[in-house]
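Below is one structure, written out as structure tokens; the observations come after it.
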Amino acid sequence: MRSLRRTFATGATTASVVLVAMLASPAVAGAVVPLSATRPPPIVHYPLPTPPVHPFDLTHGPDGNLWFTELNIARIARFTNGGSLQEFAVSDPDQFLRGITDGPDGALWFAEEGKCKNDRCSDFTDGKIGRITTQGRITEFPVPSKNGHPWEITHGPDGNLWFTEIGDNFHSPSHGHKIEGNKIGRITPQGQITEFPVPTFDSFPNHITTGPDGAMWFTENTGNKIGRITTSGAIMEFPIPTPNSRSIGITTGLDGNLWFTEQIGQRIGRITPQGQITEFPLPNAGNPVDITVGPDGAQWFTEVVGQRIGRIATDGSITEYPLPPGSFPLPIAIGPGFHDVWFAEVGTNSLGRILVCATVQFLRDCARTAAILSNPNYLGRP
């Protein structure tokens, strides 16, 4: 049984409600579930408080804890190693929170898509980029494009944060107003924002990551391309071979390439820094969404419809691990200390933790990967 108490913390913007929930321990929550008969890493499930918080994105924090955005209640959450959950509210409870990343300044940075502009919630306005210290103090910076829809965010090799602005691509033409987003944004640790338009119209730039070449790489969901932007703002685009692939997640692999998901294409893609793309079909259709480099040096990804976690090695071989019915995994990230892989199950309102390095077959790879990822000069640091 969870004990629940409410406390208050003051942020830089408003007084923020902080909810502290002691979650059940893994043994009580239960839920160590073997993923297949071939002795893969086990998975532990941590139930989250109700009502559902809908975690949208996860990241490892500089304090050694897991941090995530709560899409539908406008809070940033910290999940500690001791099993407690703390939630910090942003200034506007109507904001929709999206991506989150650790910053170069020892804080966490996140994207606020905006709040509903009309009763149908068919458009959003007043997007922001937020910064939260590990003590929970929040500062927010308005994005110049009022209808930019900030979506995902990551740290860059230039000491700045980089984020995508998807724009109102689903509704702008029918509403008769221009798409103000469709940009890549850069924000300094001091809060100065610069925006760079994506050449392809209405491309829905989605996830973004630092590439092995020192540039930023991003997926174009409706543009069906992979984009590359230098830290000075020059953009190149590379078409994905499969039509209407609907790419979403992207990560930098230890092999010096970038790996991305194709949700409708039912593939995992690999692109070299020179722009050459190779696609690997999934053994079973599952709609891959997010992807991360794992502590074993492979790439791990979520299959939301298939309700599976996938693993793709650098040679392209894919293994799929089933999850409990109703899980519907979405975001995935390498965890604090680079030991485990964490993901959120929106269907069961819980966090999942894959104990990758607890498996004998991955021990050697885990040691090698941790040495690479912990190097502050490594450009592809997740």
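The table below gives the values:
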| item | result |
| --- | --- |
| Accessible area of the chain belonging to carbon and sulfur atoms, whole % at 1.4 Å probe | 54 |
| Accessible area expressed per residue, the stretch 235-382, with surrounding protein chains retained (probe 1.4 Å, Å²) | 36 |
| With DNA, RNA and ligands ignored, accessible area of Ile226 (1.4 Å probe; Å², nearest 10) | 0 |
| Linear extension gain, Asn377 paired with Arg364, 0.36 nm per residue minus alpha-carbon span | 2.5 nm |
| R0 of 22 Å, Cβ-Cβ distance Arg137-Thr231: FRET efficiency to nearest 0.05 | 0.20 |
| Student exercise, the chain dipole from Lys, Arg, Asp, Glu Cβ charges, in Debye to nearest 20 | 620 |
| Most to least accessible of Met236, Met216 (protein chains only, probe 1.4 Å) | Met236, Met216 |
| Cα centroid separation, the stretch 305-352 to the stretch 237-256 (Å) | 19 |
| Proximal lysine pairs, the chain, alpha carbons under 16 Å, eight or more residues apart or interchain | 10 |
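The values are calculated or read from the model by the stated rules, or taken from the named source; none is laboratory data. What you see is a predicted model, and the numbers here were worked out from it, not measured in a lab. A quick note on method: Cβ atoms are made from the backbone with ideal geometry, for glycine too, and the neighbour counts reach across all protein chains shown. When the accessible area is computed, the model is the full protein with side chains, heavy atoms only, and any ligands, DNA or RNA have been set aside. Shrake-Rupley method; radii C 1.70, N 1.55, O 1.52, S 1.80 Å.
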